[in-house]
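Enquirer: The structure's right below; bear with me while I get my questions together.
The values are calculated or read from the model by the stated rules, or taken from the named source; none is laboratory data. Values in this document were obtained by computation on a predicted structure and should not be read as measured data. Don't worry about glycine lacking a Cβ; one is built from the backbone with ideal geometry, like all the others, and counts go over all protein chains shown. Ligands, DNA and RNA are stripped out before the accessible areas are found, and what is left, the full protein with its side chains, is counted by its heavy atoms. Shrake-Rupley method; radii C 1.70, N 1.55, O 1.52, S 1.80 Å.
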Amino acid sequence: MGDYRELWKNLNMDLEKHDQLCAVLPDMYGSVYLTQENRPEGMNYFNFVVSEVHGLRPAELNEHKQKGGKVLGTFCVFVPDEVIFAANAIPVGLCAGSQFWVEDGEKHLPRNMCPLIKAAVGAKVSGTCPYFQSVDMIVGETTCDGKKKAWEILDEYVPVHVMDLPQMKRTKDYNMWMEEIKLFIEKVEELTGNKVTVENLKKGIEIANSKRRALKRLYDFRKMTPSPISGKDALLISQIAFYDDPARFVQKVNELCDELEERAKSLKSEGKKRIMITGTPMALPNWKLHDIIENLPAEVVVEETCTGTRYFENEVSTEGETIEDLIKNLADRYLNINCACFTPNTGRIDDIKRYVEEYKVDGVIYSNLSFCHSYSIEYRNVEKALKEAGIPIMNIETDYSTEDAGQIKTRVEAFLEMI
Ligand code: SF4
Ligand code: SF4
């Protein structure tokens, strides 16, 4: 990594502690990613992004801020990035996936909480994440109780705007979500000093759609047998989508896809079992489950998660002449996301079944972050529906620590033998 100490100092980071974090990532990345044989050349860009994860992009954010631009941190795929782009601001996904931050999070939160929330709070309070240090505002949402209450803690460190996400999908909920998007537009206009217009909102929609299209193209290759890209690599790309420069990201994903098109012609199936992961998000650098599965070996061919299909499926329409038209288009697309914080959430089961067909899945692994109640409770209905349809499924509840890796490996091994 280049020398970014000056930047980190200006961001008020705890440099000593940050050094400890930076010391673990290269080894971890090396053992999970660089040990893969015959990787596509196009993955070199994503290797580079990870090697520069706390330097290059934060430096770009800093440059944007120097010119008067704003940076907004988000935690959920329901927050419409389109509005942020429209106001010439930059969205960054702040979901935290490292065990390193959990301890600091536990100083402010109960221990029996989802590691994603603990790590997010830990990343901020420890001053060891340049993205958290760069944001001018955090955009929260009322999805699960844990996040809802964590905003009150984060608000002591950085301004937080909370979007009140409905938890049902009736007409009144659509109307409420449109109102929330309107309020969000006002908030973003106030922060940036830039007006959101029909023209720039359409441009914002185009930017977000171009990312979705590139990811969809990538995921379509995973429908092939064998997939020309590993599940681990695809997951990494999805994680990087949350903070990389959109235009560069789209270009690099498309270059990789061009390569995959050629590569697919000469690959022969080794008969590996094809696995779907469904469940809670896997924020960078949470590669634990994919790593265990693909080392067995089997291949993860799709993730029905927010670091997977829920992030890129369905584009926002640019049809319409008024801001209201576009807000309706946004609400239509976003309320089509099937997260377990909704009740009922039968659409998720339909999605899972559809992906089983499309990606020719042999078995589904339900991945649940410890103490995520919504997803944990929803397992029952998903299991029932999949069993009725004759689709093998297993449940894994885990956090970011590596202590249970051996046990998970044994259970997945048994599952693979059974399917
Ligand atoms: S799982 Fe639900 S709450 Fe979490 S990021 Fe996805 S949509 Fe948002
Ligand atoms: S994984 Fe579950 S508990 Fe954790 S932030 Fe997402 S919805 Fe909340």
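Enquirer: Among (1) within 16 Å of ligand 1 (Cβ to nearest atom); (2) over 30 Å from D258 (Cα atoms), where does G105 come up short?
Expert: The one condition G105 does not meet is (1).
Enquirer: If you don't mind, another one. Could you check, for the stretch 154-169, whether at least one of its residues is away from ligand 1 (no atom under 16 Å from the Cβ), over 22 Å from the mean Cα position of the chain (by Cα), farther than 30 Å from D19 by Cβ and of a type outside the set (A, V, I, L, M)?
Expert: Scanning the stretch 154-169 turns up no residue that is away from ligand 1 (no atom under 16 Å from the Cβ), over 22 Å from the mean Cα position of the chain (by Cα), farther than 30 Å from D19 by Cβ and of a type outside the set (A, V, I, L, M).
Enquirer: A further question on this structure: Scan the stretch 261-284 for residues that are more than 16 Å from ligand 2 (Cβ to nearest atom), touching a residue at least 60 places away in the same chain (Cβ under 8 Å) and open to solvent by 20 Å² or more (accessible area, probe 1.4 Å) and jot them down. Spell out the reasoning first.
Expert: Let us first name the residues in the stretch 261-284 that are more than 16 Å from ligand 2 (Cβ to nearest atom), namely 261-276.
Restricting the remaining residues to those that are touching a residue at least 60 places away in the same chain (Cβ under 8 Å) gives 263, 273-276.
Selection gives R263, K273.
Enquirer: Among the residues of the stretch 232-251, which ones are farther than 20 Å from G73 by Cα and over 10 Å from the mean Cα position of the chain (by Cα)?
Expert: K232, D233, A234, V250, Q251
Enquirer: Spot the failing condition for G93; the list is (1) among the small types (G, A, S); (2) under 22 Å from A241 (Cα atoms); (3) more than 16 Å from ligand 1 (Cβ to nearest atom), and only one is missed.
Expert: Just one mismatch for G93, condition (3).
Yes or no, residue by residue, for (1) among the aromatic types (F, W, Y); (2) free of Cβ contacts under 8 Å to residues at least 12 places away in the same chain; (3) open to solvent by less than 20 Å² (accessible area, probe 1.4 Å):
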| residue | (1), (2), (3) |
| --- | --- |
| Q133 | no, no, no |
| E156 | no, yes, no |
| Q167 | no, no, no |
| N175 | no, yes, no |
| V198 | no, no, no |
| L201 | no, no, yes |
| Y219 | yes, no, yes |
| M224 | no, no, no |
| S230 | no, no, no |
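Enquirer: Given the conditions (1) more than 16 Å from ligand 1 (Cβ to nearest atom); (2) touching a residue at least 24 places away in the same chain (Cβ under 8 Å), report the number of the one that L116 does not fulfil.
Expert: All conditions pass for L116, except number (1).
Enquirer: Additional query: Can you find, within the stretch 125-145, the residue that is farthest from G55 (Cα to Cα) among those that are within 15 Å of ligand 2 (Cβ to nearest atom) and charged (D, E, K, R)?
Expert: Out of the qualifying residues, it is D145.
Enquirer: Do any residues in the stretch 248-260 that are over 17 Å from L56 (Cβ atoms) have Cβ atoms under 6 Å from those of residues that are open to solvent by 50 Å² or more (accessible area, probe 1.4 Å) and part of a helix (DSSP H, G or I), where the two are at least six apart or on different chains, and which pairs are they?
Expert: C257/R217
Enquirer: Taking the condition of being of a type in the set (F, W, Y) and either open to solvent by less than 20 Å² (accessible area, probe 1.4 Å) or touching a Lys or Arg at 6+ places or on another chain (Cβ under 6 Å) (or both), how many residues in the stretch 294-318 meet it?
Expert: Number of matching residues: 1.
Enquirer: Next question, about the same structure. Inside the stretch 130-188, can you point out the residues that are among the hydrophobic types (A, V, I, L, M, F, W, C) and more than 19 Å from A89 (Cβ to Cβ)?
Expert: Result: C144, A150, W151, I153, L165, M168, M176, W177, M178.
Enquirer: What are the pairs with Cβ atoms under 7 angstrom where one residue, in the stretch 373-387, is crowded, with 17+ Cβ neighbours inside 10 Å and the other, located anywhere, is among the small types (G, A, S) and at pLDDT 95 or above? Sequence gap at least six, or different chains.
Expert: S374/A340; Y375/G279; Y375/A340; E378/A340
Enquirer: Restricting the stretch 388-403 to residues that are open to solvent by less than 30 Å² (accessible area, probe 1.4 Å) and touching a Ser or Thr at 6+ places or on another chain (Cβ under 7 Å), which is nearest to Y359 (Cα to Cα)?
Expert: Our first condition is that a residue be open to solvent by less than 30 Å² (accessible area, probe 1.4 Å); within the stretch 388-403, this holds for 391, 393-394, 396, 398, 400-401.
So of that shortlist, the ones also touching a Ser or Thr at 6+ places or on another chain (Cβ under 7 Å) come out as 396, 398, 400.
Numbers: I396: 21, T398: 25, Y400: 27 Å.
Per the stated criteria, the residue is I396.
Enquirer: In addition: Just to be sure, is T171 among the β-branched types (V, I, T), at pLDDT 95 or above and surrounded by fewer than 17 Cβ atoms within 10 Å (Cβ to Cβ)?
Expert: Considered against the rule, which asks whether it is among the β-branched types (V, I, T), at pLDDT 95 or above and surrounded by fewer than 17 Cβ atoms within 10 Å (Cβ to Cβ), T171 comes out as yes.
Enquirer: Next question. Given the condition closer than 26 Å to K409 by Cβ and not basic (K, R), answer yes or no: does some residue in the stretch 242-253 qualify?
Expert: No: the stretch 242-253 contains no residue that is closer than 26 Å to K409 by Cβ and not basic (K, R).
Enquirer: Within the stretch 335-353, does at least one residue satisfy the condition of being small (G, A, S), within 30 Å of V83 (Cβ to Cβ) and open to solvent by less than 50 Å² (accessible area, probe 1.4 Å)?
Expert: Yes, the stretch 335-353 contains at least one residue that is small (G, A, S), within 30 Å of V83 (Cβ to Cβ) and open to solvent by less than 50 Å² (accessible area, probe 1.4 Å).
Enquirer: Looking for something away from ligand 2 (no atom under 16 Å from the Cβ) and among the polar types (S, T, N, Q) - is there at least one such residue anywhere in the stretch 146-168?
Expert: no
Enquirer: Can you tell me how many residues within the stretch 229-274 are farther than 13 Å from F46 by Cβ, of a type in the set (D, E) and at pLDDT 95 or above?
Expert: Going through the stretch 229-274 one residue at a time, the tally reaches 4.
Enquirer: Within the stretch 319-329, can one find any residue that is away from ligand 2 (no atom under 16 Å from the Cβ), surrounded by 20 or more Cβ atoms within 10 Å (Cβ to Cβ), β-branched (V, I, T) and farther than 18 Å from F78 by Cα?
Expert: no
Enquirer: Restricting to helices (runs of 4 or more DSSP H) lying wholly in the stretch 95-147: which have 2 or more residues that are among the aliphatic types (A, V, I, L, M) and under 18 Å from F371 (Cβ atoms)?
Expert: Here the list reads 115-125.
Enquirer: Follow-up question, since we're still on this one. Against the definition (more than 16 Å from ligand 1 (Cβ to nearest atom) and farther than 29 Å from P228 by Cα), how does N44 come out, yes or no?
Expert: Taking the combined requirement at face value, the residue does not satisfy it.
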